[in-house]
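Comments concern the structure below.
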Amino acid sequence: MSSSIITSITDNLFKMSKFYHKRFILIILFCVILFYMPILLNPNLVLERGNDLQEQFWPIFHFIKVQILVNHQFPLWNNLWFAGMPLLQDPQFSFFYIPNIIFLLLPIGSAFIITFILHTFLGALGILLISRKVFNLSETSSLFTALLFIFSPKLAGFLEAGHPGLIESYGVIPYVILGTLMLAKSKRKIWILLLSISLAAIFFTHTIIFLISLVACLILYAICVLPHNIKQFKSFFISLCLTFGF
């Protein structure tokens with residue numbers, strides 16, 4: 001069911017983008033690799049920086065991986081820190097965020113780097129779609145906006161802080177914006193699903209960013225819809241219900 005939903009969303013996103021030539025994807029991919037090149041050449045720049053990634057997230061992800069692969073159990077509670085801390089209830093270490101499965105398949109350090117690159121790449125594609133199809137910018141301007149997203153000082157700051165949740169949510173936020181704005185124009189189910197899935201993804205990466213995104217997209221949707229037809233809030237309400245269902 002989930003795979004068919006994701007496939008449907010992907011197909012519709014690409015169908016709406018006639019300008020989506022291979023060169024745009026290749027340029028964005030090249031710039032993402034360029035941005036992460038220092039880390040690819042020397043992973044310790046981010047993995048051994050003495051920040052949250054090294055001191056908090058790496059040990060927790062390692063603990064979860066050992067519990068699942070070695071002890072064959074779901075670690076609901078981390079009993080190694082102080083009096084213990086919940087794991088299943090903490091969205092930052094959620095088992096329900098599908099991309100996190102990569103940590104079970106690859107070395108944890110490599111998984112972190114691949115996750116950062118993947119989310120940055122997908123986020124840049126989302127910005128490209130928003131710029132072109134929502135704000136009707138030219139192809140060149142849309143591409144330039146996507147590149148600004150990649151080389152943003154904010155993203156560099158997230159890497160410096162070593163917080164995977166911030167980097168992952170940074171890559172998902174463009175799809176929250178896209179889903180909100182397109183849902184304000186159309187009641188198509190595809191936009192309801194896109195908004196709900198992207199909001200759920202942010203919930204599983206960073207709770208505070210989720211709350212901010214939820215309020216922001218509600219305000220944005222209200223601004224776009226209220227002048228036209230308040231009854232369109234039904235679609236937004238359905239999307240929120242699906243969000244908490246996911």
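With respect to the conditions (1) within 20 Å of Leu199 (Cβ to Cβ); (2) of a type outside the set (Val, Ile, Thr); (3) without any contact (Cβ under 8 Å) to a residue 60 or more places away in the chain, Ser141 lacks only one, and its number is (1).
The number of residues in region 193-224 being surrounded by fewer than 23 Cβ atoms within 10 Å (Cβ to Cβ) and either over 13 Å from the mean Cα position of the chain (by Cα) or not in a helix (DSSP H, G or I) (or both) comes to 15. Checking each residue in region 160-187 for being touching a residue at least 12 places away in the same chain (Cβ under 8 Å), assigned to a loop (DSSP other than H, G, I, E, B) and closer than 15 Å to Phe237 by Cα picks out only Lys187.
Within the option set Thr120, Thr115, Thr145, being touching a Ser or Thr at 6+ places or on another chain (Cβ under 9 Å) and under 19 Å from Ile33 (Cα atoms) holds for one residue only, Thr145. Counting only helices (runs of 4 or more DSSP H) that sit completely within region 48-151, those holding 2 or more residues that are out of contact with any Cys (no Cβ under 7 Å at 6 or more places or on another chain), open to solvent by less than 10 Å² (accessible area, probe 1.4 Å) and under 19 Å from Ile177 (Cα atoms) correspond to 108-129, 139-150. Scan region 152-192 residue by residue and report those that are open to solvent by 30 Å² or more (accessible area, probe 1.4 Å) and β-branched (Val, Ile, Thr). Ile173, Ile177, listed by residue number. Of all the criteria given as (1) open to solvent by 40 Å² or more (accessible area, probe 1.4 Å); (2) aromatic (Phe, Trp, Tyr); (3) in contact with a helix residue (DSSP H, G or I) (Cβ under 7 Å, 6 or more places away or on another chain), the one not satisfied by Phe236 is (1).
Within region 118-137, the set of residues being within 23 Å of Ser186 (Cβ to Cβ) and hydroxyl-bearing (Ser, Thr, Tyr) comprises just one member, Ser131.
Being within 18 Å of the chain's Cα centre (by Cα) and closer than 27 Å to Pro59 by Cβ holds for only one residue in Ile173, Ile177, Ile167, Ile127, and it is Ile167.
Taking each residue of region 62-74 that is closer than 18 Å to Gln89 by Cα and looking for partners that are assigned to a helix (DSSP H, G or I) and among the aliphatic types (A, V, I, L, M) with beta-carbon atoms closer than 8 Å, six or more apart or interchain, yields His62/Ile108; Lys65/Leu104; Lys65/Ile108; Ile68/Leu104; Phe74/Ile68.
The values are calculated or read from the model by the stated rules, or taken from the named source; none is laboratory data. Small disclaimer: the values here were computed from a predicted structure and weren't measured. Cβ sites come from the backbone with ideal geometry, for glycine too, and all protein chains shown count toward neighbours. Only protein heavy atoms, including side chains, enter the accessible area calculation; ligands, DNA and RNA are left aside. Shrake-Rupley method; radii C 1.70, N 1.55, O 1.52, S 1.80 Å.
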